[in-house]
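Below you'll find the structure, written out as C-alpha cells, and then a few comments.
The values are calculated or read from the model by the stated rules, or taken from the named source; none is laboratory data. Since the model is a prediction, treat every value here as computed from it, not as a measurement. Cβ placement follows ideal geometry from the backbone for every residue including glycine, while neighbour counts extend to all protein chains displayed. Remember, those area values only see protein heavy atoms, side chains included, never the ligands or the DNA or RNA. Shrake-Rupley method; radii C 1.70, N 1.55, O 1.52, S 1.80 Å.
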Amino acid sequence: MAAGLPTLGFVAILIAALVLACRPLGDHIHRVTTRERHLAVERGLYRLIGVRPDTEQTWAGYARSVLAFSAVGVVALFGLQRLQHLLPGDKGFDAVDPAVAWNTAVSFVTNTNWQSYSGESTMGHLVQTAGLAVQNFLSAAVGIAVALVLVRGFARRTTDRLGNFWVDVTRVTLWVLLPLSVIGAIVLIAGGAVQNLTDTVTAAGVTGDPQQITGGAVASQEAIKNLGTNGGGYHNVNSAHPFENPTNWTNLVQVLLILMIPFSMPRVFGRMVGNPAQGRAILAVMAGLALLSTTAVVLLELAGPGTVPTALGSSMEGRDVRFGVGDSAVFAAATTLTSTGSVNSFHDSYSAGGGGMLILNMAVGEVAPGGVGSGLYGMLVLAVITVFVAGLMVGRTPEYLGKKIGARQIKLASLYFLTTPAILLLALATTIAVPGNHAAIQESGPHGWSELLYAFTSASNNNGSAFAGLGADTPWLNTVLGICMLLGRFLPMILVLALAGSLATARSVPATSGTFPTTTPLFVGMVGAVTIVLVALTFLPVLALGPLAEAL
Amino acid sequence: MKRGAFSSHLAALRALLAMTVVLGVAYPLGVTLVAQLPGLRDNAAGSLITDADGEVVGSELIGQSFTDAAGEPIVTYFQSRPSMAADDTGAPYDPTATAASNLGPEHVVDTLPDPELGWEGDENASMSLLTRVCSRSFEVGRLENVDGSRPYCAESGGSAVGAVLGVYHSEGVRGTVTRVVSLNESCDTVTEPFITEYRGVTVECAVYGEDHSGAVPVPVAGDAPADPVVPADAVAASASGLDPHISVEYARLQAPRVAAERGVPEGVVNALIDAHTTGRSLWVLGDPGVNVVTLNLALDRDHPVTSAGR
C-alpha cells in the first residue's frame, strides 16, 4: 500500500497538530465562557443590544432567545438575498429566486450550509460577506452556546438558571471564532487564497482565449466556513476551488480548522464539570470513531473499487491533482464527521463503500467529533443513553456526573436521538412518493437513491455536503430540505436545553461503589458501541437500498 | 409573555445588526487590508500572471484549456485535464461556472443520441462516465501515439466506448441468457459490437430508442492492461473544473509531442516540466503536480513556435 504512505503522513501531522492545539484551545474557550467580569467592549455591546448580562436565563428563556435570534437571522438573510440587486456590491447579479433564498437563509442560520445555488454566479459581495459569512459565525456561536448550557446542567445543582444566551454568543464570537478566523484567513492568503473586492478580471488567456477570473472576499469566508463547521463555499466547487484551497498544505490547514473546535469541546466540558477525566473519556469516544471512519474511507478510495475507478486505475474522477485521492478522502471524512459539509472532492464520484461511509458519518448524528457545540451535546446525549443501558443491565438507577438519570431525562435523550432520523426518513419517503421529484435525480438505480438519501441525511443533520448529482434546485427540494434543516437543528436543540434544565434543578448524588464509572475504557467502548448499534438499527434499511445495493 | 417575546426579538435584531457590523463589514475589510501587505498582496489579487505589456494572461492557480475553437488540442501545448466547468454552451475552464461531473463509479450506460442529431444536437442524450473516460483515453492515445486502451473500454466506431452489455435473462435477473445488447454501441455507428458472443448468445448493437432498462448491465473488463499507459488524471474530470495541474506522468507522456512540435530537444522540455512541478509539502502532503499554465507560458517565452514549425 505504498500509495497510502503519504496519506498516512498527512493524517499523522493532522493528529499531531490537533493534540497540540486542542488542549490550550479548550482551556481558552473555558476561560472565555466562564469569566465573571464583563469587558468594556462586551458591556458596550450588551447596552447596544439592550440586554442585562448578569441576568441568567432558565432553559425556556434561553431557548426563546436561541429561536428569536435564529428567526431574525433567517428573515434578514432572506431579505438581503431578495434585495441584493438594489444594494451595493451586487456584482451585477439579480435578486435571488425566493425558493433558493429561503433554502439558503435557513441553510446558513442552521449551520448546515447546504447550497442549491452556484456561489460565483448568484451571490454578490454584500450577500457573501454581510449575510452568509455573518451567519457562519453566529450559527457556530449558537451551537457552542447550547453545548455550554447542557454542560452547565450537569455542573450546577438545584438551580433553574443556566446562563445568558447573549453573553455566551458574544463571548464565543468575539474571543474564540473571530481571532481564529483572522489567523486562518491570513494563513490561507499566504497559501494563495484570494481576498479582494473586485468583480472579475478578464485575462487574455495563454492561447488568446479569454477567461473571466472571479474575485471576492474569499479567504475571510473560507476561514470561518471551516472553523465554524459551516461548509458553505464561496464558489460552487467549494474547497476544491484553487482560490479557496490553493495548495496541498492549505488543504491540511482547512482540515485542521474543521476539526479544531469540535475536538476542543470535550476539554471545555471536563473543566466545567470539574473533572477533566470526564472530558478525556468523551474525547476518546470521538477520536476512536473518527479514526475508524477515516481509515475506512481512505482505504476504500485508495483501493478504488467499481467499474469506472478500475477503468481509470485510480479514483481520480472528481479530485484535483494537488490533493490526490488520499488527502481528498481524509477531507471528505472530516467534513462529514463534523457538521461541516465543505468539500474538496466530489462525493458523488466516491466508491459505493466510501460514499456509503460518508452517509453513515452524517447519520451517526455527527458526534465524532461533530459540529462546533452540536458534536459535544450530541455525544453527551449518547452518554446519557449509555448509562441508562448500563443501568438496565445491572438493575440500578443510572447516574451520570452525579446526576440521576430518571424518566424525564431518558425521555428527552431518546426523543433527541429519534427526532433527526424521523424527520429525515419521513421527508425522504414523502419526496420519493411525489412523482415529479424523480426528474431531479441524475442517476438511475441504487446510486440515484444514494443521491437522495445523502441530500436528506445532509440537510437533517445540518451537514450541507451533497452527492451533487442531485438537481436540488427545484421548488420542492428547496422547500422540504429547508424544513428538514430547520427541524433538524432546532428540535434537538430545544430537547437539549430542556434536558439541561431538568438536570440543573436536580441535586447531586454522591458517587458510591455501585456507581458506573464514566471515565474508564469500558465506558468509552460502551458509548461507541451504543452509538453504532443505535445508528445501524435506524439506518440499515435505507442504506441497503442505496450504497449497499450498489456495492454488491 | 407577549412582551417577553417581543423584547427578545428586538434584542435579537439589535444583536444581529451589531454583529453584522463587526463580522460582516469590519472583519472582511480588515482581512482585505492586511492582505495588502507585500507578500500577501499578489496572492489576494488572484496570483495573476501578466505578460511583458502588463496585460493579464491568466492566474497561476486557475487552469486553462489549450484547445482551438473546435475544442481540438493545440499540439504545441501541454494539455490540461478534462474539466466540467462550463455552462451549457461555453468552453471548459470557465471560472464563472465551476463544477465537477458528479457521476458515480457505476455510471456506465449511455443514453444514445438520435442519429439524425448526434451527441451535440440531441439534448436527451447523455454520455456515461465510463464512455467519457474511454473516449478521452482513446483520443489521448492517438494524440500522443501510445496505447489508449483501458479496462472496461472497447474501441468502437473510430473512438472508444464503455464496454457494457445489457443481458436479458429468462426470469428477470436469473435463468438462462436470452438476449445480449452492447448498450453503448449504436447500430448507426458500428457494424459489429466489440464482442460477438456472450454466454453462447450473439451480441447485438443497440438500436436508437429501444429501452434496455430491463436488462442487467454487465461491464466487460477485456484484456487491456490494468495499469493503462494514459494516466488517470488525463481522462478523469477534476473536482474544481479549474485544476491547474496534471500529474508528472501525464506531463512526461506529452513531452515528446511538444518537443517535436516546437523543434526543441526533449531533455529541454523535461527540464521545464521539472521546473514547473510542485512536490509534496513536508514530503507527504498531497500529490505532485505540474502546473500546465505556467509550463506552457514558459514554453512560449523560451521556445516560441516559429511560423515554419507551425
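Side notes on the structure shown:
- Solvent-accessible area, 1.4 Å probe, carbon plus sulfur percent, for the protein assembly as shown: 62
- Percent of Cα-Cα distances greater than 22 Å, calculated over the range A:240-358: 39
- Across the protein chains, with a 1.4 Å probe defining accessible surface, the residues A:Met260, A:Met362 rank A:Met260, A:Met362 from largest area downward.
- Annotation: per residue accessible area for the range A:332-391 equals 9 Å², rounded to a whole number [probe 1.4 Å, protein chains only].
- Note on B:Asn270 and B:Ala52: their simple-model spin labels are 3.1 nm apart, each label 7 Å out from Cα toward Cβ.
- Positive-end ranking of B:Ser128, A:Ala468, A:Gln211 along the dipole of the protein assembly as shown, with charges on Cβ about the Cα centre, is headed by A:Ala468.
- Simple point charges give the picture: +1 on the Cβ of Lys and Arg, -1 on the Cβ of Asp and Glu, and for the protein assembly as shown a dipole about the Cα centre of about 6300 debye.
- The 1.4 Å probe gives accessible areas that order A:Lys225, A:Lys91, A:Lys404, largest first, as A:Lys404, A:Lys91, A:Lys225.
- A 1.4 Å probe run over the range B:2-44, with the rest of the protein chains in place, finds 57 Å² accessible per residue.
- Take the Cα of A:Thr202, step 7 Å toward its Cβ, do the same at B:Ser213, and the gap between the two points is 4.6 nm.
- Taking every protein chain into account, the 1.4 Å probe leaves B:Ser238 with about 0 Å² of accessible area, to the nearest ten.
- To the nearest ten degrees, helix A:59-82 and the longest principal axis of the Cα atoms of chain A are 10 degrees apart.
- Cβ-Cβ distance of B:His169 and A:Thr34, R₀ of 51 Å, FRET efficiency by 1/(1 + (r/R0)^6): the value works out to about 0.15.
- Between amide H atoms placed 1.01 Å from N, distances below 5 Å from B:Ala85 occur with B:Tyr93, B:Asp94, B:Ala99, all of them 5 or more places distant or on a separate chain.
- Percentage of interatomic Cα-Cα distances in the range A:373-551 larger than 28 Å: 35
- Helix A:98-109 and the long axis of chain A differ in direction by around 50°, with both axes built from C-alpha atoms.
- Once the partner protein chains are put back, the range A:20-58 shows a loss of at least 50 square angstrom of accessible area, versus the chain by itself, at A:Ile49 (probe 1.4 Å, ligands and nucleic acids excluded).
- Point-to-point label distance, B:Asp87-B:Ala226, nm (Cα→Cβ direction, 7 Å offset): 4.6
- Phi-based couplings in Hz for the range B:203-217 (Karplus 6.51, -1.76, 1.60; Gly and Pro marked x): 7, 9, 7, 8, 8, 4, x, 6, 8, 10, 5, x, 8, 8, x
- Taking a quarter of the surface of the Cα convex hull of the range B:2-44 gives a mean projected area of 3.0 nm².
- When the range B:103-236 is described by a simple charge dipole with +1 on each Lys and Arg Cβ and -1 on each Asp and Glu Cβ, the residue from B:Val207, B:Ser170, B:Ala234 located farthest towards its positive end is B:Ser170.
- Rg/Rh for the range B:158-310 (Cα atoms only, Rh after Kirkwood) is 1.17.
- B:Cys153 long-range amide H proximity, modeled H, under 5 Å: B:Ala163
- Note on exposure: B:Cys153, B:Cys187 ranked by accessible area (1.4 Å probe, complete protein assembly) read B:Cys187, B:Cys153, with the most exposed listed first.
- Between A:Ala529 and A:Thr479, the FRET efficiency from the beta-carbon distance, with R0 = 30 Å, is close to 0.20.
- Using a 1.4 angstrom probe on protein heavy atoms only, the contact between B and A buries about 7500 square angstrom of accessible area, both sides summed.
- For the range B:100-124 and the range B:186-210, distance of Cα centres in Å: 18
- Residue of B:Val164, B:Val109, B:Val216 that the Gaussian network model of chain B assigns the largest fluctuation, springs spanning Cα pairs under 10 Å: B:Val216
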